[in-house]
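What follows is calculated from the coordinates using simple rules that are stated; it is not laboratory data. All values derive from a computational prediction rather than experimental measurement. Don't worry about glycine lacking a Cβ; one is built from the backbone with ideal geometry, like all the others, and counts go over all protein chains shown.
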Amino acid sequence: MIHKTIEPEIHIAQGAETFGTRLARLRRGQGLSKTDVADHLGISITAICHWEQDRSRPKSARLNDLSELFGISTAELLADDGGPGQPNLADLVSRARIEIARAAGTVPSKVRIVIEI
C-alpha cells in the first residue's frame, strides 16, 4: 500500500482577502492556469488577470460560471473575511472542500460539507 502525504495549503488570512486574491487561490488550488479558466469561460486571459489584480470584477453570469467551476456558491466566492485574523466560515469550508477533493481524488464540486450548529 502506498501512502501519500498531503500538504495542506490552508492559510489563515492576516487581513481581509480580496475577491482577486480568493479567485487566484481557488484557481491554483484546483491546479488551473489562467488560460484554463479563460478557456472554460470563453473569455480573455486579460480578463482573468484583471479580476485577480482586483482591477475589475466579473459580471453576474461569469460569477455563476466561476462558482460552478470551483464547486462553491457565488456567496462563498464573493464573501468577505471576518476581519484580521478571523477566517470566514465560507472561505474555510471552500478551502477544506478543495483539500478533501484532492485527497479523495475527485473535484471540489463533488464534496459536500454539512455543519450542524
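Would you mind getting me the FRET efficiency between residue 33 and residue 107? Use the beta-carbon distance for r and R0 = 22 Å, nearest 0.05. Each step should come with its number before you reach the end.
Values: r = 16 Å, r/R0 = 0.74.
About 0.85, to the nearest 0.05.
Return the sequence-ordered ³J(HN,Hα) values of the range 28-43 in whole Hz as given by the Karplus equation 6.51 cos²θ - 1.76 cosθ + 1.60 applied to θ = phi - 60°, using x for Gly and Pro.
Running phi through 6.51 cos²θ - 1.76 cosθ + 1.60 with θ = phi - 60° gives 5, x, 9, x, 9, 8, 4, 4, 4, 5, 4, 5, 4, 8, x, 10 Hz.
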